[in-house]
1. Just the Cα atoms of region 331-487: what Rg and Dmax do they give in Å?
2. Tell me the angle of helix 348-359 to the major Cα principal axis of the chain, expressed in degrees between 0 and 90 and rounded to the nearest ten.
3. Please report the orientation-averaged projected area of the chain, defined via the convex hull of its C-alpha atoms, in nm².
4. Using r as the Cβ-Cβ distance of residue 477 and residue 280, and R0 as 22 Å, what FRET efficiency do you calculate, to the nearest 0.05?
5. Determine the relative contact order of region 300-419: mean sequence separation of Cα pairs under 8 Å and six or more apart, normalised by residue count, in whole percent.
6. Taking a probe of 1.4 angstrom, what is the accessible area of residue 331 in Å², to the nearest 10?
7. Normalising by the residue count of the chain, find the relative contact order in percent from Cα pairs under 8 Å and 6+ residues apart.
8. Counting helices only, and only those DSSP H runs with n ≥ 4, report the 222 nm mean residue ellipticity of the chain as the sum of -39,500 (n - 2.57) divided by its residues, in deg cm²/dmol to the nearest 500.
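The values are calculated or read from the model by the stated rules, or taken from the named source; none is laboratory data. What you see is a predicted model; the values in this text were computed from it and never measured. Quick reminder, even Gly has a Cβ in these numbers, built from the backbone with ideal geometry, and neighbours come from all protein chains shown. Ligands, DNA and RNA are stripped out before the accessible areas are found, and what is left, the full protein with its side chains, is counted by its heavy atoms. Shrake-Rupley method; radii C 1.70, N 1.55, O 1.52, S 1.80 Å.
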Amino acid sequence: MKALDELTFDNRFARLGDAFSTHVLPEPLDEPRLVVASKAAMALLDLDPAVAETPVFAELFGGHKLWAEAEPRAMVYSGHQFGGYTPQLGDGRGLLLGEVYNEAGEHWDLHLKGAGMTPYSRMGDGRAVLRSSIREFLASEALHALGIPTSRALCVIGSSTPVWREKQERGAMVLRLAHSHIRFGHFEYFYYTKKPEQQAELAEHVLNLHYLECREQPEPYLAMFREIVERNAEMIAKWQAYGFCHGVMNTDNMSILGITFDFGPFAFLDDFDAHFICNHSDHEGRYSFSNQVPIGQWNLSALAQALTPFISVEALKEALGLYLPLYQAHYLDLMRRRLGLTTAEEDDQTLVEGLLKLMQNSGVDYTLFFRRLGDESATLAVARLRDDFVDMAGFDAWAERYKARVARDGDYTQEQRRERMHAVNPLYILRNYLAQNAIAAAESGDYSEVRRLHDVLTRPFEEQAGMEQYAQRPPDWGKHLEISCSS
Ligand code: AMP
Ligand code: MG
């Protein structure tokens, strides 16, 4: 276990130089204080969890202090936002403080979001508010616990610094961890600004540090792109299977590592709704829940365009063609498991689709449905769940089909079935209203609810004594919360 001053830095991205990022110092927050820290994320840096409570922790991640070996940089990138190309974006309010390597030999980017203005701030103030910092923190750690690839969050530091959004709020910083903060938009930036040397340098950097196994392939860049396609297909399959809506799938928010990245107005579905739009600025529903699947491919095509200097168009097209079948295979595999099935049958896809169709507009809680389905035998569970459906006759027909499918699946006890299903069907998810309650308390200075909620969400599959209130459907006020995009 390490103390804070024992971290070892190796700032590989900073060494790429000024064409890739600009040296900027964090701008400190007033009266920094710990809101919440993730012990599991601290362990990634081998940090002793006790150090989170020390004043120096809040000073370091509140922008007051810096390790001598840190080299804070604002990265430049661009990207397609809502389908249109924005020629220059970049870290407008976040800084890559440096890269730390742990005892297992892994490198982790330390990225401080809300650290003040940079050359890429455009019209922004460089700040992040407490509300959005808590949301990013909770979402990263909750997705990780569900087994969904994501950036991690070490802590949120609150402050008394006033920040103006629709109203006056307080500034905060969230310390994000990822093996890399390189986005699709990094490649797009060097491609569209016609900087082939830097573009090549970036590609080498990513290949050597993050896709080294592709080096052995006859066409290393193509192998790397294929791998990126595969990882995205798998990540988005998991979003869809667990009802996660990202909300702002612009290419500057897509990680080159295929991890969930840059949390904005995200949401987990409460009631199932394929057309759900969590981002209130997304008037056309470009990033609606079901559109996430084709948008994943659209984003990969944007990346492919930026990789045309290295890979032939035919090969890129072929690799892009892998996306949908891979997505479908991962998705179906997960949904089978969510239904408690251990074998695969041709017709399973229509079994899943039939269920979702019945759920649509029925007001069925997406998370609790699957959990309840595993609580009892298939026969007892469907009998209990049918009341939730508007089209009960339709559900009965589906239920008959499901029971027959379960009977064909194998011979196991209800005990085994429950255990297997509960291991993939969470009881606790980050519902918007739960986050909202925790944020309201934190805004009045009480951080206990954020900490408790974080703790519950780190073990989403495990029934936790005394935590029943976190496994409920949202109250009416919590069903249609407008999540502001100004964060
Ligand atoms: P996002 O929609 O949060 O992914 O942000 C898009 C771009 O706007 C990124 O380049 C951000 O760094 C930048 N940005 C967002 N909010 C702010 C802010 N308050 N100050 C400066 N830049 C910001
Ligand atoms: Mg972003």
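1. That works out to 17.6, 55 Å for Rg and Dmax.
2. That helix lies at roughly 90 degrees to the long axis.
3. Details: hull surface 92.2 nm².
In nm², the orientation-averaged hull projection of the chain is 23.0.
4. Working: r = 17 Å, r/R0 = 0.76.
Once rounded, the FRET efficiency stands at 0.85.
5. Working: 67 pairs, mean separation 29.8, N = 120.
Computed over region 300-419, the figure is 25 percent.
6. It works out to around 40 Å².
7. Working: 905 pairs, mean separation 68.4, N = 487.
Relative contact order, the chain: 14 percent.
8. Estimated from H runs of four or more residues: -12500 deg cm²/dmol.
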